[in-house]
Structure formats: structure tokens, C-alpha cells
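Have a look at the structure below, then the notes.
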Amino acid sequence: MKAVIAGAFVLLSAVASAQTPDLTGVWAPYRGGRGADPKLVPPPATAIVMKPQYAGPFEARRKVEAEAAAKGEPIASGAVACVPYGMPRMMSVALYPIEILPTPGQITIVTEAFSEVRRIFMNTPQFPMGDVPPGYYGRSVGKWDGDTLVVDTIGIKPTVPAYQNMPHSDQMRITERLRLITKDILHDQITIDDPVVLEKPVTYTLAYRRMPGYEMVEFVCDNNREFIDEKGGTHLKVRDR
């Protein structure tokens, strides 16, 4: 009897797997542009509404960054120092693609930029917030809800900037809903909830287009020609001194 039950479970799992959309492959950011189908372009993001004690410093920081950029002296980001982007910013870095690799019990996402890797553990419970060691990628668990992959991520350390470089606490929770809009267009709706920093959750959507046959390129941050001066500005090193 146990063998029959086990066989039935394997069969049901195989059927369920066959019915889920295939996200396997390389995906590049899709920006749309003039003449693009509105159904394929991601919807506008919701506003970032922070609690006053965080909103003031955040807006002041953005003003300083804008003024520095206008002078041609942009303030250095972590990327200049070869620091990983982490979640959720790693999901969209300039025009660099991502690769999605589903395997039994896990979906792995690899970014071309900085070769960052995150693992989504499928159909397993999420840990309590305080039980996840803080890191760049946290702990992600996922499940299929019809044709949508729903992913819950916690455990991102506060020193890792979030969406639009907004601050966050160790209570931040990231919920993703990945869904194929067409066979070759993927949307990742990302909602950030942080009861410490935000007045209400922030939601934005990333769009990707499938890149058949593309081979991911190695990205190692060992030839960085940028440097940070004593004021925190970014400059290009043209020769060694």
C-alpha cells in the first residue's frame, strides 16, 4: 500500500510540474519603448511612503545625490566597491540579464551582473523572521498559485539598499509574483512591506524578454577602473599612479 501511495504522489507531482509555466532560460530586462504593446509594459510603481523619521533623511540624501550627479561627480554606490546588489535590486541591474534554473524542489536565479545567485526553496514553510541570518539575499520560499510563481523573501540585512536605494529594517518582507504575460515576456511584480520604515507597502513590476540561445557571460569585479575619493565621489582611474 505504501508503494502505491508513493507512486501516486510521484505521479501527481509530475502532472503538477508539467502544468506549471516553464521559466527556464535567460531573460533580459524589457523596457518597452515607442510602439510597444501596453499589455507587455509593466504598470507604474506605487509611491514610496515612509514614516517621517525615515522620509526626511531619505529625501535629503536623494537631493545631495542629484546635485552631485548634476556636477558630474556622482556619489559612489556599493557597486563601485564591488559590493553585491542583493535583493531586490539584483533582479534589475542596467541591461544585464538573469538566468532562471528550475530543478526539483528549488528554483535558482543567477544574474549576469556580479554573478549573484539566489535560491528559491519550493513548497517549504518560511522560517520565522528572527531565525533567518541577515544577508544580501535572505531566504526565499516559493509556490505556484495557478500560473503565477509566488515567492516570499525575508532576512535582508538593513545595510543592503532596497528599491530606489530606500532604507529598510530587518523586518522587511519581499513578495514576488512572477507570471508569463506571453511565451516570451515575463513580469515580476515585487511588493516590499516594512512595518518599521514604510507607511504602506511599495509595489513595482519588472519586465523581462526571453533570450533563446544566449550564454551568460562571466562577471568578476576585478578590473574596476572606478575609485572613491575622500568625499565619497566616484571617479574613473585612467592609469595607475
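The values are calculated or read from the model by the stated rules, or taken from the named source; none is laboratory data. The structure displayed is predicted, hence computed values, not measured ones. Note: ideal-geometry Cβ built from the backbone for every residue, glycine included; neighbour counts use all protein chains shown. Surface accessibility is based on the protein's heavy atoms, side chains included, excluding ligands, DNA and RNA. Shrake-Rupley method; radii C 1.70, N 1.55, O 1.52, S 1.80 Å.
Observations, loosely collected:
- Test: residue in segment 44-63 that is assigned to a loop (DSSP other than H, G, I, E, B), surrounded by 17 or more Cβ atoms within 10 Å (Cβ to Cβ), in contact (Cβ under 8 Å) with a residue 12 or more places away in the chain and in contact with a Ser or Thr (Cβ under 9 Å, 6 or more places away or on another chain): no
- Any hit, segment 4-21, residues being at pLDDT 95 or above, open to solvent by less than 50 Å² (accessible area, probe 1.4 Å) and either in a helix (DSSP H, G or I) or within 29 Å of ILE100 (Cα to Cα) (or both): yes
- Test for GLY33: is it part of a loop (DSSP other than H, G, I, E, B), modelled with pLDDT of 85 or more and on the phi > 0 side of the Ramachandran plot: no
- The criterion of at least 2 residues that are surrounded by 14 or more Cβ atoms within 10 Å (Cβ to Cβ) and of a type in the set (S, T, N, Q) is met by the following strands (runs of 3 or more DSSP E) wholly inside segment 114-172: 148-154.
- Some residue of segment 80-99 being assigned to a strand (DSSP E or B) and under 14 Å from the mean Cα position of the chain (by Cα): yes
- Some residue of segment 77-90 being closer than 22 Å to GLN189 by Cβ, among the basic types (Lys, Arg) and touching a Phe, Trp or Tyr at 6+ places or on another chain (Cβ under 8 Å): yes
- Just one of the numbered conditions (1) charged (D, E, K, R); (2) surrounded by fewer than 17 Cβ atoms within 10 Å (Cβ to Cβ); (3) at pLDDT 95 or above is not true of ASP194: (2).
- Residue among ALA113, ALA162 that is under 29 Å from ARG210 (Cβ atoms), touching a residue at least 24 places away in the same chain (Cβ under 8 Å) and touching a His at 6+ places or on another chain (Cβ under 8 Å): ALA162
- For segment 74-101, a residue qualifies if it is surrounded by 18 or more Cβ atoms within 10 Å (Cβ to Cβ), touching a residue at least 60 places away in the same chain (Cβ under 8 Å) and closer than 14 Å to TRP27 by Cβ, and the qualifying residues are MET91, SER92, PRO97, ILE98, GLU99, ILE100.
A quick yes/no check of all residues on (1) of a type outside the set (Val, Ile, Thr); (2) more than 12 Å from the chain's Cα centre (by Cα):
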| position | (1), (2) |
| --- | --- |
| VAL117 | no, no |
| TYR136 | yes, no |
| GLY146 | yes, yes |
| THR159 | no, yes |
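- Qualifying residue in segment 180-187 (condition: at pLDDT 95 or above, in a loop (DSSP other than H, G, I, E, B), touching a Phe, Trp or Tyr at 6+ places or on another chain (Cβ under 8 Å) and open to solvent by 30 Å² or more (accessible area, probe 1.4 Å)): no
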